[in-house]
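Enquirer: Supplied in structure tokens, the structure appears directly below.
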Amino acid sequence: MGRNSESDSNGWSRARGLVVKTLVLIGGALLLKRFTKSTTRWDHARIVARSLSGEKFSREQASRNPDSYFNIRTLTCPATEMVDGSNVLYFEQAFWRTPQKPFRQRFFMVKPCPKDLKCDVEVSSYAIRDADEYRNFCDRPRDQCPPPEEVIDDVAEHLTTIYLKRCERGKRCLYEGSTPPGGFPNSWNGATYCTSELTILKNNEIHTWDRGYDDDGNQVVWGVKEGPYEFKPAPASSFNGMFSPLNFAPSQPMEKRIEGSFVLQE
């Protein structure tokens, strides 16, 4: 009888062990499935919109190469959402020294790429119908900004679209892409067409390279030739080096030297 009790006890122990192992395996499988769940098309669009947002500067690049780059401040924030879910961001550029006087203002529309295209996210830039009304939009309290329905009405001429893909494993970037071959029509400063490249890094740094070309495909109109502008997220304190010569507007015409900054196209 003692032997039977011992046998029964061992049997129950083995059974309990099998149950525990089974539960662990099932739980692990569910957990793995949760963590390996594929990122949706709209997830990619939200990641890109979030990465583009915020205050960024090209200060470090301007310090390394002041002859080709200025310390430019970019400021981007959510403006509204379209009916189809597309994120509309407000974007402006200004000299670091005079952030209240942006020299360029745009709307960005961020949404998933159409399924027939080999990309993940498209970022389109638009002119603003009444740009002065949106000056310093991101710095103002919401009750002092145009309401969402007015923002939608003020989305004006389409300028460019950049098609982004997820970066390959091992690269520093999250997304990278460009305008399609041939770019988009652009007549600013004598150009015939323009191209844009955009790279989003894992630390929310963005690299942008905009260039204007003539009829023969020569980059002789506008655009930095050395490489893209590098905009890094604002440091904890943006007041260090406030009176650096890099932060003052140039004495020569701006359009001759501010070339290649994000969405330069007029």
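The values are calculated or read from the model by the stated rules, or taken from the named source; none is laboratory data. Only a predicted model underlies this, so the values are computations on that prediction, with no experimental measurement involved. For neighbour counting, all protein chains shown are included, and Cβ atoms are generated from backbone atoms with ideal geometry for every residue, glycine included. Note: accessible area is taken over every heavy atom of the protein model, side chains too, but ligands, DNA and RNA are not part of it. Shrake-Rupley method; radii C 1.70, N 1.55, O 1.52, S 1.80 Å.
Enquirer: Can you confirm whether Thr80 is touching a strand residue (DSSP E or B) at 6+ places or on another chain (Cβ under 7 Å), open to solvent by 10 Å² or more (accessible area, probe 1.4 Å) and either more than 30 Å from Asn218 (Cβ to Cβ) or small (Gly, Ala, Ser) (or both)?
Expert: Yes; evaluated as a whole, the condition is true for this residue.
Enquirer: Would you pick out the residues in region 185-202 that are open to solvent by 30 Å² or more (accessible area, probe 1.4 Å), more than 19 Å from Lys165 (Cβ to Cβ) and at pLDDT 85 or above?
Expert: Tyr193
Enquirer: Can you work out which of the residues in region 84-123 that are within 15 Å of His44 (Cα to Cα) and of a type in the set (S, T, N, Q) is least open to solvent (accessible area, probe 1.4 Å)?
Expert: Once the filter is applied, the top-ranked residue is Ser86.
Enquirer: Next up: Take the conditions surrounded by fewer than 13 Cβ atoms within 10 Å (Cβ to Cβ) and farther than 16 Å from Ala49 by Cβ and apply them to Arg172. Does it pass?
Expert: So Arg172 passes the test.
Enquirer: Sort out which residues of region 199-215 are without any contact (Cβ under 8 Å) to a residue 40 or more places away in the chain and not in a strand (DSSP E or B), and write them in order of number.
Expert: Lys202, Asn203, Asp214, Asp215
Enquirer: What pairs can you find where one residue is in region 83-99 and outside any strand (DSSP E or B), the other is of a type outside the set (Val, Ile, Thr) and open to solvent by less than 10 Å² (accessible area, probe 1.4 Å), and their Cβ atoms are less than 7 Å apart, with a gap of 6+ or different chains?
Expert: Cβ pairs passing all conditions: Trp96/Asn71; Trp96/Asn247; Arg97/Asn247.
Enquirer: A further question on this structure: So which residues in region 40-55 are open to solvent by 60 Å² or more (accessible area, probe 1.4 Å) and in contact with an Asp or Glu (Cβ under 9 Å, 6 or more places away or on another chain), if there are any at all?
Expert: Matches in region 40-55: Arg41 only.
Enquirer: Going by what's in this entry, would Tyr213 be described as of a type outside the set (Gly, Ala, Ser), under 25 Å from Val48 (Cβ atoms), surrounded by 14 or more Cβ atoms within 10 Å (Cβ to Cβ) and at pLDDT below 95?
Expert: Against the criterion (of a type outside the set (Gly, Ala, Ser), under 25 Å from Val48 (Cβ atoms), surrounded by 14 or more Cβ atoms within 10 Å (Cβ to Cβ) and at pLDDT below 95), Tyr213 does not qualify.
Enquirer: Hey, another quick one. For region 157-190, which positions are of a type outside the set (D, E, K, R), assigned to a loop (DSSP other than H, G, I, E, B) and farther than 17 Å from Lys111 by Cβ?
Expert: Within region 157-190, Cys167, Gly170, Pro181, Gly182, Gly183, Asn186, Ser187 meet the criteria.
Enquirer: Here is a follow-up. For region 56-67: of the residues being part of a helix (DSSP H, G or I) and in contact with a Lys or Arg (Cβ under 8 Å, 6 or more places away or on another chain), which is surrounded by the most Cβ atoms within 10 Å (Cβ to Cβ)?
Expert: Arg59
Enquirer: Val151 - would you say it is assigned to a helix (DSSP H, G or I) and either touching a helix residue (DSSP H, G or I) at 6+ places or on another chain (Cβ under 9 Å) or over 25 Å from Pro112 (Cα atoms) (or both)?
Expert: Spelling it out, Val151 is indeed assigned to a helix (DSSP H, G or I) and either touching a helix residue (DSSP H, G or I) at 6+ places or on another chain (Cβ under 9 Å) or over 25 Å from Pro112 (Cα atoms) (or both).
Enquirer: Given the conditions (1) touching a residue at least 24 places away in the same chain (Cβ under 8 Å); (2) open to solvent by 30 Å² or more (accessible area, probe 1.4 Å), report the number of the one that Pro180 does not fulfil.
Expert: (1)
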